[in-house]
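This report concerns only the one structure given below.
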Amino acid sequence: MKQLKELLFGVQIEATQGRTDVSIQAIAFDSRQVQQGDLFVAIVGDAVDGHDYIQKAVDKGAIAVVGEEKPQDFPNDIVWIETINSRAALAILASNYYDQPSKDLKLIGVTGTNGKTTTTSLLYRLFELAGFATGLLSTIVVKYLSKEIPATHTTPDPLQINAYLRAMVDARVEFCFMEVSSHGIAQDRIKGLVFTGGVFTNLSHDHLDYHKSFTAYRDVKKQFFDYLPKSAFVLINADDKNGKFMLQNCVAKQYSFGLNNYADYQAKVLETQFSGMLLQLNQQEVWSTLVGQFNASNLLVVFAVAHLMDLEEMETLSLISTLKNVKGRFQTFTTPHKATVIVDYAHTPDALENVLKTISKIRTKNETLITLVGCGGNRDQAKRPIMAKVAAAYSDKVIFTADNPRDEDPEKIIDEMETGVAPEDYKKTLRITHRKAAIKAACMELKEGDVLLVAGKGHENYQEIKGVRTPFDDYLIIEEICKQLF
């Protein structure tokens, strides 16, 4: 329980009604969760306006309300706090409610189109192996010490974030690595957090259904780096042309990493095969079981952050050599007859091209490369033909199938994908809408030495159709089918 006036520290207040020296039990922004003595924060959402539910929140026991526009019939005996931005207010209120936990650990945020989950997960594991009490806030899971909680969003809501961070601080966690999504930045979910560092991985076509243009998407990402304090560090990808843009007006200490351009931290892939690669990290050689230029970049980030956090270099290199792949990220499976199946989350054109380029560098061209790919429904339609074009250009055979069609007709999604296939590549393609049937058909095609890439869903263990999530794990289904076939 806290006094309302304590919670409001740092919130931009435009007007008030009533006293702020009242005790608040909890904070809620969903009227259904309000209980007696709570503070209700009315947020304007994409589909629902929380201001329409203020009376319901009051009826359920809210004794104070934060919002952007006071209703005409607002009760005189309820405290009203008016602010310009309720979302930002919620984030600051949440931080204050949990005693600003981000100040009591080293919080490092990673943002970019691709690589966030892999990078944060690898950082978590390396620092854990180095003997530090470590936390992780990722797309897949929230972890600290022996706790493991399945994640529901790339960047949770501010109440969840601060509750997790408070639990970590109470458990004496020293480092926390956090994925920072463009949605999380745009919706002010990270306001009130104090970051020790920020990492920019890369930027490519994604989420344009939400941000409307690539420029808007880029500018939202930049807000994270504008937000970092002077005491923090920023680490940008020198191989991405947007890296320098992220540094404009950024007051944090600036560093860079890169494989192709001059940078403070540099890497080179010396050898690569499906079982791993030999890397040179700042002139030191290390073997990793991870594969591909994109993973070389991810491991370079891990090396750089460890160095910036004062870990000993040779110990860091030794620990990097022990790191395993993240579930659903270039996860390989060898069939009984020696074909290779790769499951990867690649769901953007850039990520798919990176994975296919990696496979192309390893394969001999004497084998057949089959790519199975779909696109999600109710998401960025513009990338569908590009995804199909990339898949067909790099593969010998392509099967278009359903991903998570959500509320859309999967046949329509595949129709839109097929418009991007070059005429000379069209004969390579096949459509099998049912994903399990498509995987089975692809596995039946495999001969010794062949390669199958199953792209798009990666770590996901469900398929969403018409609002219903059905258990569906690409990797487990491949294992099941191969047991039946071979």
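Only residues that are in contact with a Pro (Cβ under 9 Å, 6 or more places away or on another chain) and not in a helix (DSSP H, G or I): list them for segment 436-486, please. Quick ask: steps written out before the conclusion?
Filtering segment 436-486 for residues in contact with a Pro (Cβ under 9 Å, 6 or more places away or on another chain) gives 461-466, 482-483, 485-486.
Result: ASN461, TYR462, GLN463, GLU464, ILE465, LYS466, PHE486.
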Restricting segment 164-175 to residues that are within 16 Å of ALA94 (Cβ to Cβ) and touching a helix residue (DSSP H, G or I) at 6+ places or on another chain (Cβ under 8 Å), the one surrounded by the fewest Cβ atoms within 10 Å (Cβ to Cβ) turns out to be ARG166
Given the condition in contact (Cβ under 8 Å) with a residue 24 or more places away in the chain, open to solvent by 70 Å² or more (accessible area, probe 1.4 Å) and under 26 Å from the mean Cα position of the chain (by Cα), answer yes or no: does some residue in segment 460-478 qualify?
yes
Filter segment 96-129 for residues that are of a type in the set (Lys, Arg) and under 13 Å from VAL305 (Cβ atoms); the one that is most open to solvent (accessible area, probe 1.4 Å) is ARG125
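Hey, among the residues in segment 132-147 that are of a type in the set (Val, Ile, Thr) and outside any loop (DSSP other than H, G, I, E, B), which one's surrounded by the fewest Cβ atoms within 10 Å (Cβ to Cβ)? Before the answer, list the steps.
Residues of segment 132-147 that are of a type in the set (Val, Ile, Thr), as a first pass: 134, 139-142.
Add one more test, that the residue is outside any loop (DSSP other than H, G, I, E, B), and what stays is 134, 141-142.
Values: THR134: 24, VAL141: 17, VAL142: 22.
The residue in question is VAL141.
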Flagged in segment 332-349 as in contact (Cβ under 8 Å) with a residue 24 or more places away in the chain and either over 25 Å from ASP403 (Cβ atoms) or surrounded by fewer than 19 Cβ atoms within 10 Å (Cβ to Cβ) (or both), in numbering order, are THR332, PHE333, PRO336, HIS337, LYS338
Taking VAL44 and the conditions (1) open to solvent by 30 Å² or more (accessible area, probe 1.4 Å); (2) over 16 Å from ARG87 (Cα atoms); (3) not hydroxyl-bearing (Ser, Thr, Tyr), which numbered condition does it fall short on, given that it satisfies the others?
(2)
Odd one out for CYS443, checked against (1) touching a helix residue (DSSP H, G or I) at 6+ places or on another chain (Cβ under 8 Å); (2) under 21 Å from LYS357 (Cα atoms); (3) crowded, with 22+ Cβ neighbours inside 10 Å; (4) not hydroxyl-bearing (Ser, Thr, Tyr):
(2)
All-but-one check, ASN366 against (1) in contact with a helix residue (DSSP H, G or I) (Cβ under 9 Å, 6 or more places away or on another chain); (2) of a type outside the set (Ser, Thr, Tyr); (3) open to solvent by 10 Å² or more (accessible area, probe 1.4 Å), failing number (1)
Residues of segment 380-403 classified as within 14 Å of PRO349 (Cα to Cα) and not small (Gly, Ala, Ser), total:
10
List every residue pair whose Cβ atoms lie under 9 Å apart, where the two residues are 6 or more positions apart in sequence or sit on different chains, the first residue falls within segment 399-424 and is open to solvent by 70 Å² or more (accessible area, probe 1.4 Å), and the second residue, located anywhere, is of a type in the set (Ser, Thr, Tyr) and not in a helix (DSSP H, G or I).
GLU411/THR433
Pick from segment 369-398, criterion closer than 18 Å to ALA438 by Cα, touching a residue at least 60 places away in the same chain (Cβ under 8 Å) and among the β-branched types (Val, Ile, Thr), ranking: surrounded by the most Cβ atoms within 10 Å (Cβ to Cβ)
THR371
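For segment 176-206, how many residues are hydrophobic (A, V, I, L, M, F, W, C), in a loop (DSSP other than H, G, I, E, B) and open to solvent by less than 20 Å² (accessible area, probe 1.4 Å)?
Here is the first cut: in segment 176-206, the ones hydrophobic (A, V, I, L, M, F, W, C) are 176-178, 180, 185-186, 190, 193-195, 199-200, 203.
Filter once more, so that each one left must be in a loop (DSSP other than H, G, I, E, B): 180, 190, 193-195, 203.
Still in the running and open to solvent by less than 20 Å² (accessible area, probe 1.4 Å): 180, 190, 193, 195, 203.
So the count comes out to 5.
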Segment 112-131: number of residues that are closer than 15 Å to LEU319 by Cα and assigned to a loop (DSSP other than H, G, I, E, B):
2
Of a type in the set (Gly, Ala, Ser), farther than 30 Å from HIS347 by Cβ, open to solvent by less than 30 Å² (accessible area, probe 1.4 Å) and touching a Lys or Arg at 6+ places or on another chain (Cβ under 9 Å) - does that describe any residue in segment 29-39?
yes
Just checking, how many residues over segment 298-328 are in a helix (DSSP H, G or I), surrounded by 17 or more Cβ atoms within 10 Å (Cβ to Cβ) and not hydrophobic (A, V, I, L, M, F, W, C)?
3
Inspect all residues belonging to segment 277-297 and state whether any of them is assigned to a helix (DSSP H, G or I), closer than 16 Å to ASN354 by Cα and open to solvent by less than 10 Å² (accessible area, probe 1.4 Å).
yes
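The values are calculated or read from the model by the stated rules, or taken from the named source; none is laboratory data. Remember, predicted model here, so these are calculated numbers, not experimental data. Positions of Cβ are generated from backbone atoms using ideal geometry, with glycine treated the same way; all protein chains shown enter the neighbour counts. Areas reflect the complete protein model, heavy atoms only, side chains present, ligands, DNA and RNA absent. Shrake-Rupley method; radii C 1.70, N 1.55, O 1.52, S 1.80 Å.
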